[in-house]
Amino acid sequence: MIDPTARIADGAVIGEGTSIGPYCVIGPNVVIGENCKLVAHVTVSGHTSIGAECVISPFAVLGGPPQDLSYRGEPTRLEIGTGCTIREGVTMNIGTMKGGGLTRVGDRGYFMNNSHVGHDCTVGNDVIFATSATLGGHCEIGDFVYIGGLSAVHQFTRIGRQVMVGGVCGVRDDIIPFGLANGQYAVLEGLNIIGMKRRKFTRERLVTVRAFYQKLFHGEGVFAERLAAVQPLAAEDPAIAEILAFIGKGKRPLCLPAVDGTH
């Protein structure tokens, strides 16, 4: 299952049933799980582990050094979960010591061509990164997040669970769970209703969460006053509680609706 043109360093661990295609290069500190397929011309370096049943397309580079000027060759890590599809030219970097030393990618992610996961990022399960979707360092991405093509997420930014980000967006601010963000510099356009329906939200739950969203983002008064007023609504639905908890933990500005309805 290993093409004779592949180069696998001593110390690398290759799981049973995994195929290593032509001209792949695997470093000495790499662990690849069972039943993976590295199609061709894949480079895996650094202290990198890849879960079972991942498919990795040509010219992906996984475990490369972080693009951080402070990095001095420390043995930091990249961990990729099971069942991921990693298409052509995708790059994922190991972490930095100052960022915790670990870049972590969850299970069943679909990473389209030329997408990028920067150092020290944490990416959840079942995400989809469209073509050239890019994360700066230290980003936190929740489960079931979709990031549109050519969109870039600023370092240290958080994107909550089940968010949809449109294409060609610059994401500079944290996006609440279940949010829908769009625009050249992303603004909050509403809730990701399609995604919520796919996750089996009932009509009643959608009505409840929508009403909360309207009070928080489009009610009267300044945002801080509205945020204080909706705190008791956390008991009405787990999604509301999740949104409020996400806002409470924030250290960066929050992605808000456009004031005048434009981007």
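The values are calculated or read from the model by the stated rules, or taken from the named source; none is laboratory data. All figures in this text were calculated on a predicted structure; none of them were measured in a lab. With ideal geometry, Cβ positions are generated from the backbone for all residues, glycine too; neighbour counts draw on all protein chains shown.
For (1) in contact with a Ser or Thr (Cβ under 9 Å, 6 or more places away or on another chain); (2) farther than 15 Å from ALA52 by Cα; (3) surrounded by fewer than 24 Cβ atoms within 10 Å (Cβ to Cβ), each residue gets a yes or a no:
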site	(1), (2), (3)
PRO75	no, yes, yes
ILE80	yes, no, no
GLY89	yes, yes, yes
VAL117	yes, yes, no
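Just give me the residues in region 186-210 being assigned to a helix (DSSP H, G or I) and either acidic (Asp, Glu) or exposed (fewer than 15 other Cβ atoms within 10 Å of the Cβ) (or both), in sequence order.
Those that are assigned to a helix (DSSP H, G or I) and either acidic (Asp, Glu) or exposed (fewer than 15 other Cβ atoms within 10 Å of the Cβ) (or both): ILE194, LYS197, ARG198, ARG203, GLU204, VAL207, ARG210.
Pull out all pairs, ordered by first then second residue, where Cβ-Cβ is under 7 Å, the residues are six or more apart or on different chains, the first lies in region 101-114 and is more than 27 Å from PRO75 (Cβ to Cβ), and the second is outside any loop (DSSP other than H, G, I, E, B) and modelled with pLDDT of 95 or more.
TYR110/THR85; TYR110/ILE128; MET112/PHE129
Looking only at region 80-135, which residues are closer than 20 Å to PHE59 by Cα and of a type in the set (Asp, Glu)?
GLU88
Taking region 227-263 only, how many residues are closer than 18 Å to GLU189 by Cβ and part of a helix (DSSP H, G or I)? Break it down stepwise before answering.
Let us first name the residues in region 227-263 that are closer than 18 Å to GLU189 by Cβ, namely 239, 243, 246-247, 253-263.
Within this subset, residues satisfying the condition of being part of a helix (DSSP H, G or I) are 239, 243, 246-247.
Count: 4.
Select from region 64-89 the residues that are within 15 Å of SER45 (Cα to Cα) and hydrophobic (A, V, I, L, M, F, W, C) and list them in ascending order.
LEU78, ILE80
For every residue, the table says whether it meets (1) outside any loop (DSSP other than H, G, I, E, B); (2) on the phi < 0 side of the Ramachandran plot.
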{"site": "ASP120", "(1), (2)": "no, no"}
{"site": "GLY149", "(1), (2)": "no, yes"}
{"site": "GLN162", "(1), (2)": "no, no"}
{"site": "ALA181", "(1), (2)": "yes, yes"}
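Taking the stated definitions as given, is VAL230 surrounded by 14 or more Cβ atoms within 10 Å (Cβ to Cβ) and more than 16 Å from ASP173 (Cβ to Cβ)?
yes
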